[in-house]
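Shown next, in structure tokens, is the structure this report addresses.
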Amino acid sequence: MPGETGVTCPIRCGECCEKYWRDIEELAEKFPDDNWNPCPHQKDLGCELPRDKRPAGCNEHLCDRAEAILYPNPITLGILKEILERVAQEEKDHAERRGTGIPRKTT
């Protein structure tokens, strides 16, 4: 992303490694057959590459949620509020099921 050099992702959720890594040309060229898989460098504890060895795009890429946090406006603030409310409800539902013997939903 032009002009984003030096901007660090504020959420580091790893979703870009799961879904959007093909937006980084260097990775898409290096791994052309892995279109529907997480980035081949993505391991259980995150990226296996040290930050200084990652393609520049990996260090500069921001997904929509990260951009919304870094550059808030009335629309993105509404979206973020909905996301937080949904996460809070999911946590509440999970807490209510805990100890009842009902397995939690996996998606």
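Quick rundown of the values:
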read-out: Filter pass, GLU48 being of a type outside the set (S, T, N, Q), farther than 27 Å from LEU84 by Cβ and in contact with a His (Cβ under 6 Å, 6 or more places away or on another chain); value: yes
read-out: Within segment 8-53, tally of residues that are over 13 Å from the mean Cα position of the chain (by Cα), in a loop (DSSP other than H, G, I, E, B) and not β-branched (Val, Ile, Thr); value: 14
read-out: Subset of segment 54-67 that is of a type outside the set (Asp, Glu) and in a helix (DSSP H, G or I) - its residue that is farthest from GLU15 (Cα to Cα); value: ALA56
read-out: Of all residues making up segment 1-36, the number that are more than 17 Å from ALA68 (Cβ to Cβ), loosely packed, with under 12 Cβ neighbours inside 10 Å and either of a type in the set (D, E, K, R) or at pLDDT 85 or above (or both); value: 4
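The values are calculated or read from the model by the stated rules, or taken from the named source; none is laboratory data. All values reported here derive from a predicted model rather than from experimental measurement. Note that we place each Cβ from the backbone using ideal geometry, even for glycine, and neighbour counts take in every protein chain shown.
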